[in-house]
Amino acid sequence: MGNVHARQYKKMPGVELGYYERNQGRGESFRQSWDARLCESFDSLLGWADVIDICLPTDVHPEFAQKTIAAGKPLFLEKPIASSLEEAQSIVDQAKVANVPLMIGQVVRFFPEFVLGRQMVLNGAVGKPAAIRTRRGGPPPKGSSGWFMDHARSGGVLLDLAIHDFDWLQWTFGKVRFLYSRSLSALTGKGPDYALTTLTFESGAVAHVESTWMDPGGFRTMFDIAGSEGLLEYDSRKTPALMTVTADSRNLEPSVAPNEDPYYLELNAFLTAVRTNTPVPITGDDAMAGLKISLAAIESAKTGKVVIL
């Protein structure tokens with residue numbers, strides 16, 4: 001993810017890139033790829049930078065986030081914000097007390113198909129939403145020392161991956177009332193994982209969320225939204241556009257900002273908020289809402305019980 005972010009920062013005028021990487025081999029490769037300044041320690045990076053972007057394993061988010069906020073530096077923190085509600089709340093509270101901008105990387109809110117899908121739902125394109133289905137995933141992700149496959153560090157697929165859809169669904173359809181989840185690896189806490197989660201919203205709508213690290217066919221995202229007046233369909237493997245189906249028509253909708261990378265939009269929005277002293281688009285409180293759903297899904301998958309939020 002550090003490379004993903006660096007690629008976007010290099011497109012932005014007025015941005016100079018520095019970094020800290022403890023692995024010397026990866027650090028040198030990063031420097032050559034992005035013509036970035038290598039700092040010898042995280043403290044050195046803190047002293048040099050105007051803002052900090054943390055792309056580290058989830059279990060070390062609290063340590064480095066708290067150091068950044070204590071230094072008074074605006075912070076972009078990759079999702080999920082933390083592995084527990086207590087750690088996440090501590091980060092959020094510290095940022096509020098210090099008046100330090102904090103934005104969490106729930107990047108799906110910037111993907112054009114998901115932006116357009118939400119806009120159409122809010123504009124009444126499907127009438128009253130009733131049933132939603134999402135699917136996200138691909139092969140197991142790679143990480144330093146295999147940290148993704150250690151669920152004590154990553155949270156597994158329900159925290160690291162499904163949180164994208166949990167965040168977007170609650171942002172689009174409102175609060176979740178209760179959920180039920182099944183997972184292949186929640187009990188073992190290690191290895192690739194596949195999970196199915198059913199969310200019931202306060203509105204009465206129901207969402208079926210499929211999340212996988214076990215699809216060798218490559219990464220794929222999709223959603224279906226069925227309501228009283230029509231259906232929205234999107235599948236990254238089938239079409240690059242959003243399809244709207246009603247009783248009278250079947251139309252392909254143009255994407256929002258098709259030539260702009262969602263990660264660029266996300267990071268540029270953060271820097272713009274910092275420069276203009278305006279609120280960031282995705283706050284720590286926003287991230288907490290998605291984290292609560294992920295942790296409830298993990299609890300349900302482990303216990304086999306419905307969890308009320």
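The values are calculated or read from the model by the stated rules, or taken from the named source; none is laboratory data. Values in this document were obtained by computation on a predicted structure and should not be read as measured data. No Cβ is skipped: glycine too gets one built from the backbone with ideal geometry, and neighbour counts run over all protein chains shown. Remember, those area values only see protein heavy atoms, side chains included, never the ligands or the DNA or RNA. Shrake-Rupley method; radii C 1.70, N 1.55, O 1.52, S 1.80 Å.
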**Request:** Calculate, axis by axis, the spread of Cα positions in region 21-128 along the three principal axes, and write the results as whole Å, longest axis first.
**Result:** 56, 36, 24
**Inter-probe distance in nm under a simple model that places probes 7 Å from Cα toward Cβ, at Ser249 and Ser44** = 6.0 nm
**Prompt:** Quick one: what Rg and Dmax do you get for the chain from the alpha carbons, in Å?
**Reply:** 19.6, 63
**Message:** Contact order normalised by length for the chain, with contacts defined as Cα pairs under 8 Å and 6 or more residues apart; what percent is it?
**Reply:** 21 percent
**Fill in**
Out of Ser228, Pro74, Leu85 - ranked by how far each Cα lies towards the positive end of the dipole of the chain, with unit charges on the beta-carbon of charged residues - the top one is Ser228
**Item:** Per-selection metrics, region 96-149 (Cα): Rg and Dmax in Å
**Value:** 17.4, 48
**Request:** Just order 42-48, 161-167 by mean Cβ neighbour count inside 10 Å, highest at the front, would you?
**Result:** 161-167, 42-48
**Message:** Checking the cross-link filter: which lysines have an alpha carbon closer than 26 Å to that of Lys175, excluding same-chain neighbours under 8 positions apart?
**Reply:** Lys79, Lys96, Lys128, Lys292, Lys302, Lys305
**Item:** Between 0 and 90°, nearest 10: helix 24-34 axis offset from the chain longest Cα axis
**Value:** 70 degrees
**Prompt:** Can you give the angle from 0 to 90° between the axis of helix 85-98 and the longest principal axis of the chain, with both taken from C-alpha atoms, to the nearest 10?
**Reply:** 60 degrees
**Request:** Return one number: the angle in degrees, 0 to 90 and rounded to the nearest 10, between the long axis of the Cα atoms of helix 112-122 and the longest principal axis of the Cα atoms of the chain.
**Result:** 50 degrees
**Message:** Need the C-alpha centroid separation for region 58-84 versus region 26-42, integer Å.
**Reply:** 20 Å
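May I ask you to give the percent of accessible area on the chain that is carbon plus sulfur, with a probe radius of 1.4 Å? Please report the intermediate quantities before stating the final value.
Values: 7500 of 14540 Å².
Carbon plus sulfur share of accessible area: 52 percent.
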**Cα radius of gyration and Dmax for region 96-214 (Å)** = 15.9, 48
**Prompt:** In terms of Cα to Cα distance under 18 Å, which aspartates and glutamates are near enough to Lys67, apart from those fewer than 8 places away along the same chain?
**Reply:** Glu21, Glu40, Asp43, Asp50, Asp53, Asp59, Glu78, Glu86, Glu87, Asp93
**Request:** For the chain, report the accessible area per residue in Å² (1.4 Å probe, heavy atoms, rounded to an integer).
**Result:** 47 Å²
